[in-house]
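Accompanying notes for the structure given below.
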Amino acid sequence: MTRPLLLGLTGSIGMGKSTVAAMFADEGVPVFDADAEVHRLQAAGGALLPAIEAAFPGVTGAEGLDRVALGARVFGNVAALRRLEAIVHPAVAEARAAFLSAHADAPLVVLDIPLLFEKGGWDAVDRIAVVSAPAEVQRARVLARPGMTEGRFADILARQLPDAEKRARADHVIPTGGDLAETRGAVRDLIACLNAPKRR
């Protein structure tokens, strides 16, 4: 029985991964967005709210998860972060399995996994594509985000595999430092390559 080729899409903060994921979706490729699924599970009425509230009292309410409050509890706290991940990761894995089942006939499926290398997700995919932009472009993008500081950016980078190492370990690199047309062209070329006969 054939199954889709699974392309793991990843990249460091500010590299344009969400933009590239949207481009794959625009081309008709099913995309499972792990972050979006987490947001859904933690929104008002989300399935994970009771377990998160039990582990971190006071961080949920009628509107769902208070991300600022939860962030204050887990930021820099390894034990708390692991406790949160133990709640979130199994639920995301279950949603991913359901997504793959629903798209079992697709030739190609993209799994958008922000921390693919850091959390060991590379063994769940057939190929890995890393989105990458020059460091100065990445820095400008990230520091333009609301509430971002130099210190927080440095902390996030410290917890992510360096971009150069990600590119070295990837099967494909999608450049995002130029204009959108260039990036979209790279996405289309990669889809054509992966959908070609005898792709594996």
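Descriptive notes on the structure:
- Order of Leu111, Leu6, Leu84 - criterion: other Cβ atoms within 10 Å of each residue's Cβ, fewest first: Leu6, Leu84, Leu111
- Hull volume per residue, based on the alpha-carbon atoms of the range 67-147 and their convex hull, is 152 Å³.
- Dividing the summed helix terms, -39500 (n - 2.57) for each DSSP H run of n ≥ 4, by the number of residues in the chain produces a 222 nm estimate of -15000 deg cm²/dmol to the nearest 500.
- Among the DSSP helices (H) of the chain, those spanning at least 20 angstrom by Cα along their long axis with an average Kyte-Doolittle hydropathy of 0.0 or more are 78-102, 180-194; this is a geometric and hydropathy rule only.
- Sorting the segments 139-146, 65-72, 45-52 by their residues' average number of neighbouring beta-carbon atoms within 10 angstrom, most packed first, yields 45-52, 65-72, 139-146.
- Phi to ³J(HN,Hα) by Karplus 6.51 cos²θ - 1.76 cosθ + 1.60 over the range 119-129, Hz, x for Gly, Pro: 9, x, x, 5, 7, 9, 10, 8, 9, 10, 10
Only the coordinates and a few stated rules stand behind these numbers; no lab work does. What you see is a predicted model; the values in this text were computed from it and never measured. All Cβ positions, glycine included, derive from the backbone under ideal geometry; neighbour counts span all protein chains shown.
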